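Heads up, the thing below is written out as structure tokens.
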Amino acid sequence: MNALTPDDLRRLTAPTDFLDHDSDAVQSFVDEAVTDRGADKRRLAVELYYAVRDDVFYEVYGADLSPQGLRASHTASTRKGFCLHKSALYAAACRAVGIPARVHYGDVRNHLASDRLRSHIGGDVFFHGLNSVHLNGRWVKATPVFNKILCRLYGMKPLEFDGTADSLHHPFDDQGRQSMEFLVDHGGFDDVPYEFVMTNMRRKHPGFLNDTGTGTVRGGSLAAEASA
């Protein structure tokens, strides 16, 4: 789908249970991130991308995977989370300035990770969250996930986005070695499909979840493990 109908536009910019851009927390985040809400949509999408990428710290340990924890407003308030949290916030922030946006999911190999995290995950294939945004008449994928500092610690270049081309994954690290590979595309969703997301997390990464199944294991820091 490329061209959007008026109904599509209304649906894809509306707040939802998880993409709650009508909340004070998301509105405040957007106000901090953009210089002018009336600016060109591509410029706004880029400004929001870098705000979510770098101003929300990427952390996998102790993350809240409850319905409340995966709401955009929660991540806008805590300013931390991993791909599932950051993709919801980016979609909500884009919608707040009138950009049609969806959450998108896939399976990737060699996600940015430490050896300890791979042991929790159960291998090197990860269930992954990203976004698709509608700009200049077409859908573009964006992945505002791995912040600049963390990429530097793991020897990877930060993933850039200009609003015209897909920003999908890190194919190579700083030494030119293959870093990430997109294996399965689960498609885009108008709101966070909570049961779908958690079913995948419980089935693929049971050792990564806490005893309640609504959070990730504690006692770690991905940044600290980069130099361990």
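Calculated [222 nm] ellipticity per residue, helices only, for the chain: -10000 deg cm²/dmol; basis is -39500 (n - 2.57) per DSSP H run with n ≥ 4, divided by all residues, nearest 500. Between the Cα long axis of helix 194-204 and the first principal axis of the chain there is an angle of about 20°, rounded to the nearest 10.
If the chain linking LEU153 and PHE196 were pulled fully straight, counting 0.36 nm for each residue of separation and taking away their Cα-Cα distance, it would gain 12.3 nm. Per residue, the chain exposes an accessible area of 42 Å² to a 1.4 Å probe, with every protein chain left in place. Here the 3J(HN,Hα) profile of the stretch 136-152, calculated from phi with Karplus coefficients 6.51, -1.76 and 1.60 at θ = phi - 60°, is 6, x, 8, 7, 10, 8, 9, 10, x, 10, 8, 5, 4, 5, 5, 4, 4 Hz, Gly and Pro shown as x.
With the gyration tensor restricted to C-alpha atoms of the stretch 16-151, the semi-axes of the equivalent ellipsoid amount to 25, 16, 13 Å, longest first. Computed extension gain for THR78 through ASP36, at 0.36 nm per residue and net of the alpha carbon distance, reaches 12.7 nm. In this rough spin-label picture, where each label sits 7 Å from Cα along the Cβ direction, the GLN27-ARG43 distance is 2.4 nm. For the chain, with all protein chains in place and a probe radius of 1.4 Å, 50% of the accessible heavy-atom surface sits on carbon or sulfur. The smallest convex shape that holds all Cα atoms of the chain, its convex hull, gives 113 Å³ per residue. The angle between the Cα long axis of helix 83-96 and the longest principal axis of the Cα atoms of the chain comes to about 10 degrees, rounded to the nearest 10. One chain, two ends: THR164 and GLU181. Fully extended at 0.36 nm per residue, the span grows by 4.0 nm beyond their Cα-Cα distance.
The values are calculated or read from the model by the stated rules, or taken from the named source; none is laboratory data. Not measured: the values here are computed from a predicted model. Positions of Cβ are backbone-derived with ideal geometry, glycine not excepted, and every protein chain shown enters the neighbour counts. Side chains are part of the model used for accessible areas, which takes the heavy atoms of the whole protein and leaves out ligands, DNA and RNA. Shrake-Rupley method; radii C 1.70, N 1.55, O 1.52, S 1.80 Å.
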